[in-house]
Each structure stands twice: as C-alpha cells, then as structure tokens.
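The values are calculated or read from the model by the stated rules, or taken from the named source; none is laboratory data. What you are looking at is a predicted structure, and each value in this text was computed from that prediction instead of being measured. Methodologically, a virtual Cβ is constructed for each residue, glycine included, from the backbone with ideal geometry; neighbour enumeration extends over all protein chains shown. Areas reflect the complete protein model, heavy atoms only, side chains present, ligands, DNA and RNA absent. Shrake-Rupley method; radii C 1.70, N 1.55, O 1.52, S 1.80 Å.
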Amino acid sequence: RTPAGGAWDPNDPEAFAVASGGALWVWDIRSMQRAQTVESAHALQVRDVDYNPRRPHVLATSGDDGVIRLWDLRAHEAPLETLTGHSHWVWRARFNPVYDQLI
C-alpha cells in the first residue's frame, strides 16, 4: 500500500503517523517499527492524518468515505468521534493550532 499522508507527532518527536489504504499506522522511528496499527480506520482510503497540537495522543484522520475521525491512540479500538456530513471524500482535516476543539 502506498501512503497517502502522514504527520509528525508534535508531542513525541520519535513518532510519525501514516495513512495507507484504509489503515492508520504509527511508526516509532527509533526502532523503525510500527508501534500501533488501526487496520480499519476508514471504510475506504484514508487520505490524511493530523495530530492535535495541544492534546497528546489525539489525532484526526480523513478519508474517501466522507468522514473525519478523531482517535485517542491510547485506546484506538474505536474512534473518539466520527464527524459525518460530507457527501464526498475528505482529503484533508487539520486541527486549529490555537483552539484545539476546532477542525
């Protein structure tokens, strides 16, 4: 699978999240191993990922299924929130750098 997007963790300079296929991977660059995997982060292609700059372990993913999902990587079995309302794919979602509740 070819990665579609990625982001450095602003709270952990050793972690990098990658969107690939329908999955979300978090890599530990010290060991060059996958530290975490969310195999079915989206029903279709995950397009991008962004870390919350003010809340460690929280990130957003966007995808071709038309949703934005918020994840807490400490408990990634299910998303914290699924934001619907788009009738087509969502290629990018970004946290507001000042107000971390805004995407």
> Rounded to a whole number, what % of the accessible area of the chain do carbon and sulfur atoms account for, probe 1.4 Å?
Replying inline: 52
> Separation of the stretch 44-85 and the stretch 1-25 by C-alpha centroid, Å?
Replying inline: 11
> When you count, for each residue, the other Cβ atoms within 10 Å and take the mean per peptide, how do 85-96, 69-80 rank with the highest first?
Replying inline: 69-80, 85-96
> On full extension of the chain, what length is gained from residue 101 through residue 80, given 0.36 nm per residue of separation minus the C-alpha to C-alpha distance?
Replying inline: 6.3 nm
> To the nearest 10 square angstrom, what accessible area does residue 48 show with a 1.4 Å probe?
Replying inline: 10
> Accessible area per residue, 1.4 Å probe, Å², for the stretch 5-65: what's the number?
Replying inline: 45
